[in-house]
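Colleague: My questions all concern the structure below.
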Amino acid sequence: MFILSIIFLLIMVLVSVAFVTLLERKVLSYIQIRKGPNKVGFMGLLQPFSDGLKLFFKEQTFPFYSNFLVYYITPIFMLILSFFLWVLMPYVVNVYNFNMGVLFFLCCSGLSVYGVLLCGWSSNSNYSLLGSLRSIVQTISYEVSMSLILVCLLMFIGSFNFVNFMYFQTYSWFIFFSFPLFFSWFSSCLAETNRSPFDFAEGESELVSGFNIEYSSGGFAFIFLSEYMNIIFMSMLCCVIFMGCDIYSLMFYFKLVFFVFMFIWVRASLPRFRYDKLMYLTWSVFLPLSLNYLLFFSGFLVLMY
């Protein structure tokens, strides 16, 4: 039963990726006072499927100087890693219940760096290598403060299991007493998934598309799917950690969609950061904030017990 459940979950996630791309294009277009996709199907609802078909039927190009095997396999590795993350969906029955779920999440998000690195390196292009290096430095830096924020809240549930967030937020959500931490967490999520205003893996003036510049057809589609699956997963994690984790209510999924909308809203509203300010933000703002919260919460819990 749990194998069927996990397969059903992954299929639903892939379908939701298609509609998140449509939502993004619609939201961006209305913010820019234009229509967006509205021709393919009713109100453009079939647009993501036509885009997906177009991507997979396009010609696959292989740069002559690329490291062919690594170049070919890396997008598949990135996609599988994103699938691994979704095993952590905190169901109580029928699906894997990880007692060490938080550690598994940190391991998988750490491994995602290698996918970007190998994409950039194996393409054997200066632009893709520069884009991947920028992305890696950013991801590793933000993972530090992200882990500390997680540790702050893990102190309250006393376990590495995501399901426990559901039990401990029955009467009060964690966002109410850790509001600044929530904003730090959300900004770190934006940086982890390479979204605006932290999308330094790409740059129109100097790198164009960044680490995936040499990819086309299926390879590009896999990288794209992986990125959007990570966005939906991070939105789900925001709901689990801060917003009650009431996974069996419809409200949970409305909150999830709202967080996905926030990712898009930030992209439409904010210009790209300057790179030194990006590094300053994590090492001089988020890290001290999360460390202070860690000391405060640990002191508070010691006094309580």
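We did not get these values from a lab; they are worked out from the coordinates using the rules stated. Because the structure is predicted, anything quoted here is derived from the model rather than measured. Using ideal geometry, Cβ is built from the backbone for each residue, glycine included, and neighbour counts are taken over all protein chains shown.
Colleague: Using only helices, what value at 222 nm comes out for the chain when you add -39,500 (n - 2.57) per DSSP H run of length 4 or more and divide by the total residues, to the nearest 500 deg cm²/dmol?
Modeller: Numbers: 11 runs with 203 residues, N = 305.
After summing the helix terms and dividing by the residues of the chain, the value is -22500 deg cm²/dmol.
Colleague: State the answer as a single residue: which of ILE264, PHE300, CYS238 lies farthest towards the positive end of the charge dipole of the range 177-305, with beta carbon charges of +1 for Lys and Arg and -1 for Asp and Glu, about the Cα centre.
Modeller: Positive-most Cα among the choices belongs to PHE300.
Colleague: Roughly speaking, what is the stretch gain from VAL70 to LEU14, that is 0.36 nm per residue apart minus the C-alpha to C-alpha distance, in nm to one decimal?
Modeller: On the way: separation 56, 0.36 × 56 = 20.16 nm, distance 2.44 nm.
Value of the extension gain: 17.7 nm.
Colleague: Okay, moving on. Identify the trypsin sites (Lys or Arg not before Pro) of the range 227-305 meeting these criteria: DSSP loop state and at most 13 other C-beta atoms within 10 Å of the C-beta. Please list the in-between numbers first.
Modeller: Values: sites: LYS255, ARG267, ARG272, ARG274, LYS277; in loops: ARG272, ARG274.
Within the range 227-305, the qualifying trypsin sites (Lys or Arg not before Pro) (loop, at most 13 other Cβ atoms within 10 Å) are ARG274.
Colleague: Figure the gain on full extension for VAL302 and SER5 (residue separation times 0.36 nm, minus the Cα-Cα span) and round it to one decimal in nm. Don't jump to the answer; show the numbers that get you there.
Modeller: Numbers: separation 297, 0.36 × 297 = 106.92 nm, distance 4.06 nm.
Length gained, VAL302 through SER5: 102.9 nm.
Colleague: Right, another one. Put a dot 7 Å past each Cα toward the Cβ at TYR30 and ALA268; how far apart are the dots in nm?
Modeller: Using points 7 Å along Cα→Cβ, the separation is 0.7 nm.
Colleague: Give the peptides 225-234, 293-302, 240-249, 10-19 in descending order of average Cβ contacts within 10 Å, highest first.
Modeller: Details: 225-234: 22.4, 293-302: 13.4, 240-249: 19.3, 10-19: 15.8.
Top of the packing list down: 225-234, 240-249, 10-19, 293-302.
Colleague: Setting aside same-chain residues fewer than 8 positions from LYS39, which aspartates and glutamates have a Cα under 19 Å from its Cα?
Modeller: Straight-distance partners of LYS39: GLU24, ASP51.
Colleague: Check every DSSP H run in the chain and write down those whose alpha carbon atoms cover 18 angstrom or more along the long axis and whose mean Kyte-Doolittle hydropathy is 0.0 or greater. Don't jump to the answer; show the numbers that get you there.
Modeller: Details: long enough: 2-31 (42 Å, 2.20); 68-85 (27 Å, 2.24); 101-122 (32 Å, 1.75); 126-157 (46 Å, 1.34); 179-192 (20 Å, 1.05); 217-242 (38 Å, 1.72); 250-269 (28 Å, 1.79); 287-304 (25 Å, 1.82).
Those that pass (Cα extent of 18 Å or more, hydropathy at least 0.0) are 2-31, 68-85, 101-122, 126-157, 179-192, 217-242, 250-269, 287-304.
Colleague: Return the loop-located chymotrypsin sites (Phe, Trp or Tyr not before Pro) in the range 141-186 (DSSP other than H, G, I, E, B) with at most 15 other Cβ atoms within 10 Å of their own Cβ; answer none if there are none.
Modeller: On the way: sites: TYR142, PHE156, PHE160, PHE162, PHE165, TYR167, PHE168, TYR171, TRP173, PHE174, PHE176, PHE177, PHE182, PHE183, TRP185, PHE186; in loops: PHE160, PHE162, TYR171, TRP173, PHE177.
The qualifying sites are TYR171, PHE177.
Colleague: Which of PHE42, PHE84 comes first, and how do the rest follow, when ranked by fewest Cβ neighbours within 10 Å? Show your work: numbers first, answer last.
Modeller: Numbers: PHE42 7, PHE84 15.
Arranged by neighbour count, lowest to highest, PHE42, PHE84 become PHE42, PHE84.
Colleague: Follow-up. Suppose every Lys and Arg Cβ carries +1 and every Asp and Glu Cβ carries -1, with no other charges. What dipole size does the chain come out with about its Cα centre, to the nearest 20 debye?
Modeller: On the way: 14 positive and 13 negative charges, 127 e Å.
The dipole of the chain has a size of about 600 debye.
Colleague: When only C-alpha pairs under 8 Å and at least 6 residues apart count, what is the relative contact order of the chain, in percent? Mind showing how you got there, number by number?
Modeller: Working: 369 pairs, mean separation 75.6, N = 305.
Here the relative contact order equals 25 percent.
Colleague: Sort 65-74, 51-60 for me by packing, meaning the mean count of neighbouring Cβ atoms within 10 Å per residue, highest on top. Write down the numbers at each step before the final one.
Modeller: Values: 65-74: 15.2, 51-60: 12.6.
Listed from highest to lowest mean packing, they are 65-74, 51-60.
Colleague: Here's something else I'd like to know. Given R₀ = 25 Å, FRET efficiency for PHE177-PHE258 by Cβ-Cβ distance, to 0.05?
Modeller: Efficiency at R0 = 25 Å is approximately 0.75.
Colleague: I want to check the label-to-label distance for SER217 and PHE49. Put each point 7 Å from Cα in the C-beta direction and report it in nm to one decimal.
Modeller: A separation of 2.4 nm, rounded to one decimal place.
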